[in-house]
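What follows is one structure encoded as structure tokens, with my remarks underneath.
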There are 2 protein chains.
Amino acid sequence: MQSALPQQVKIVEVGPRDGLQNEKETIPAEIKIALVDRLTAAGFANIEAASFVSPKWVPQMATSAEVMAGIARKPGVIYSVLTPNMKGFEAALAAGADEVVIFSSASEAFAQKNINCSIAESIARFAEVAAAAKLNNIRLRGSISCAFGCPYQGEVAPASVADVVKRLRDLGCDEIDIADTIGVGTALQVQHVMQLVAQDFPIASLSGHFHDTYGQALANIYASLEVGISIFHSSVAGLGGCPYAKGATGNVATEDVLFLLQGLGIQTGINLDAVVDAGQFISTHLGRKAVSRAGNALAAKRLG
Amino acid sequence: MQSALPQQVKIVEVGPRDGLQNEKETIPAEIKIALVDRLTAAGFANIEAASFVSPKWVPQMATSAEVMAGIARKPGVIYSVLTPNMKGFEAALAAGADEVVIFSSASEAFAQKNINCSIAESIARFAEVAAAAKLNNIRLRGSISCAFGCPYQGEVAPASVADVVKRLRDLGCDEIDIADTIGVGTALQVQHVMQLVAQDFPIASLSGHFHDTYGQALANIYASLEVGISIFHSSVAGLGGCPYAKGATGNVATEDVLFLLQGLGIQTGINLDAVVDAGQFISTHLGRKAVSRAGNALAAKRLG
């Protein structure tokens, strides 16, 4: 099986956006900027830095323009932002985003409950943003939530994921995320879905976004590597909980993913020690322990 | 790869012994008995219930005879106990243990530091216990710590693990555990070691004992399944910390392992809900949150 694993993996660090967006206490822009700058210095090639959504819906992201203006950009690094509509896109453009992210769900129940329309409609609404991104030479990423299970309808058919992949592909997405929003996917299911959607989209541009709610994220990443997936999302210090199970774990921790990839001999270009530092930095600010097993073990070892 | 996975897996629940042994507060025998009884009811075929070591060394295990006398045994279930010497073996025999566990390390540095002798000597010292177990028709299990890394010497050669496997096999062990005591192993390394030692011992009687210190346990279990390992150790509620990194995670949580196996369609005979209950029971007694992602997510879902 060794020969089948990719030699190189891109980690998309989502902590500053996906991780922090649900924090109740307002985090000052300078803290977010310091976090992004630490992540840039650690070597990430892609950082999800902000979200141009209405501050009414996500108050924590109200500082997004300030954050984008304040970070020290490294040439070649992709700073991504979430853009729910043209207003968000205009803001992203003004902020100099390298990539805009549009999103949908593989679950009809989730789409209806969250955006009060069908999956197909939700994607059609992004056509203008997609066209504007192309026109402005900005990378376009599409994110598909609930690809392995839904908090409202339970099971999600792999064919639904494939259908959404095709719709996002047709809008011109450069990269598509297959996301396990509630963390219920397991290894063989993940391999099955990834192999299915790879029939409709280049596998080199498919990413796995796993949550560790049921402890499965690392096994799912390893299983994804075995079928050729080479882009993964993760969140420093495991930032971001699970809105569907209070107190449960959300995004897989970047430190744990890097420990796995290092062990497998896969290149990422990222310095794990620097990521542990960034995780301790933001966890100290938030006044809690990092939700990363490798991060906490490595930090404990330093203390001796 | 699907066809290669075992259809059935035996989980050895180690919470009552390996999990609880380092707890500082004395846990009353009746609580331990209630825990073992809940685990029996949940359907485990093998429970590590006690340890007949000197109470000077492991005060928490001083109640072992009481625990073994108090549990409600289910026919067919193997109740295992740790026996460091003949005194321990006699006590295990008197207590009606179904299996005794002897142990060594794959790391010379670890053996020297912990028992002040070589690996070879440490195993030779178990010859009398092994012979007595055979004479009394009691199952004999051998446990090999530090099989994937050592807190003192760092790397451990796979050949050292194979050497210890052969020595334990020659003492008559019915089952041998390959244990990642400090949780540093990663998936390909685990497959390599498992495949190597399977050349010297029946793979059906080799078990994987993984710690989640760096978040790798589930990925390592999945990787082990792929090479045919079908026995795994785990600890309800993730009982048992890591003595080599304060505050870090130890034994992989049983709930997380069962969630994986259920998803893979592998039979265990164990009721996950009942295990979540047992985990909440002991965690409530210990006054802390369970260290199981699946356990906590499932418990949170019940509360709604």
For residues of B:180-191, the mean tally of beta carbons on other chains within 10 Å: 4
Reachable lysines from A:K301, criterion Cα separation under 17 angstrom, eight or more residues apart if same chain: A:K289, B:K246
J(HN,Hα) series, region A:164-178, from Karplus relation 6.51 cos²θ - 1.76 cosθ + 1.60, nearest Hz, glycine and proline x: 5, 4, 5, 5, 5, 4, 5, 7, x, 4, 7, 8, 10, 9, 9
Stokes-Einstein D in µm²/s, Kirkwood radius over Cα pairs - region B:192-304 at 10 °C with 1.306 mPa s viscosity: 107 µm²/s
Share of Cα-Cα pairs in the protein assembly as shown lying beyond 47 Å, as whole percent: 17 percent
Using θ = phi - 60° and Karplus 6.51 cos²θ - 1.76 cosθ + 1.60, couplings along region B:46-62 (whole Hz; Gly, Pro as x): 8, 10, 7, 9, 6, 8, 9, 9, 5, x, 5, 7, 9, x, 4, 8, 4
Unit charges on C-beta of K, R, D, E only; dipole of the protein assembly as shown, Debye: 720 debye
Farthest positive-ward along chain A dipole, Cα basis, beta-carbon charges - from A:A223, A:S292, A:V190: A:S292
For chain B: rounded, prolate or oblate by the Cα gyration tensor [a/c cutoff 1.5]: rounded
Where chymotrypsin sites (Phe, Trp or Tyr not before Pro) fall in DSSP loop in region A:1-102, at most 12 other Cβ within 10 Å: A:W57
Average other protein chain Cβ within 10 Å of Cβ, residues A:245-254: 4
Length-normalised contact order of chain B in % [C-alpha pairs under 8 Å, at least 6 apart]: 19 percent
Cα-derived Rg to Rh of region A:192-231, Kirkwood definition: 0.97
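Step by step: find N for region A:106-230, compute 2.2 N^0.38 Å, then divide the Cα radius of gyration by it. What's the final number?
Against the compact-globule rule of thumb, the ratio is 1.02.
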Cα pair distances of region A:1-103 binned at 5 Å [whole percent]: 2, 13, 24, 24, 17, 8, 5, 3, 2, 1
For A:L303, label point 7 Å along C-beta direction: distances to other copies, nm: 2.6
Share of alpha-carbon pairs per 5 Å distance bin for region A:133-205, given as whole %: 3, 16, 28, 23, 15, 8, 4, 2
Karplus 3J(HN,Hα) series, Hz, for region B:245-260 with 6.51 cos²θ - 1.76 cosθ + 1.60 (x for Gly, Pro): 8, 4, x, 8, 7, x, 3, 4, 6, 4, 4, 5, 5, 5, 4, 4
Farthest positive-ward along region B:10-303 dipole, Cα basis, beta-carbon charges - from B:G265, B:A65, B:A97: B:A65
Only Lys, Arg (+1) and Asp, Glu (-1) charged, at Cβ; region B:10-303 dipole about Cα centre in debye: 400 debye
No Cys partner within the rule (Cβ under 4.7 Å), the protein assembly as shown: A:C117, A:C173, A:C242, B:C117, B:C173, B:C242
Axis-nearest residue in chain A [Cβ, rotation onto B], distance in whole Å: A:A219, 2
Accessible heavy-atom area order of A:R293, B:R288, A:R139, highest first, probe of 1.4 Å: B:R288, A:R139, A:R293
Only Lys, Arg (+1) and Asp, Glu (-1) charged, at Cβ; region B:18-74 dipole about Cα centre in debye: 100 debye
Computed [θ] at 222 nm, helices only, for chain A once each DSSP H run of length n ≥ 4 contributes -39500 (n - 2.57): -12000 deg cm²/dmol
10 Å Cβ neighbours from other chains, averaged over peptide A:206-213: 2
Per-peptide average of other Cβ atoms within 10 Å, ordering A:130-136, B:271-277 highest first: B:271-277, A:130-136
Farthest toward positive dipole pole in chain B [+1 Lys/Arg, -1 Asp/Glu at C-beta], among B:Q8, B:H233, B:N136: B:H233
Copy-to-copy label separations for A:A124, where each label sits 7 Å from Cα toward Cβ, in nm and ascending: 8.2
Cα→Cβ-extended label distance, 7 Å offset, between A:A94 and A:A72, nm: 2.7 nm
Probe 1.4 Å - accessible area at B:R73, Å² to nearest ten: 90 Å²
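Select from region A:67-113 those GluC sites (Glu not before Pro) which occupy a DSSP coil region and have at most 12 other Cβ atoms within 10 Å, ordered by residue number.
Numbers: sites: A:E90, A:E99, A:E108; in loops: none.
Filter output for region A:67-113: empty list.
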Label distances, nm, B:G70 versus same residue in remaining copies, Cβ-directed 7 Å point: 5.7
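The values are calculated or read from the model by the stated rules, or taken from the named source; none is laboratory data. Given the structure is predicted, the values throughout are model-derived calculations rather than measurements. Neighbour counts are summed over all protein chains in view; Cβ atoms, including those assigned to glycine, are modelled from backbone coordinates with ideal geometry. To get the accessible areas, we keep the full protein, side chains included, count just its heavy atoms, and leave off ligands, DNA and RNA. Shrake-Rupley method; radii C 1.70, N 1.55, O 1.52, S 1.80 Å.
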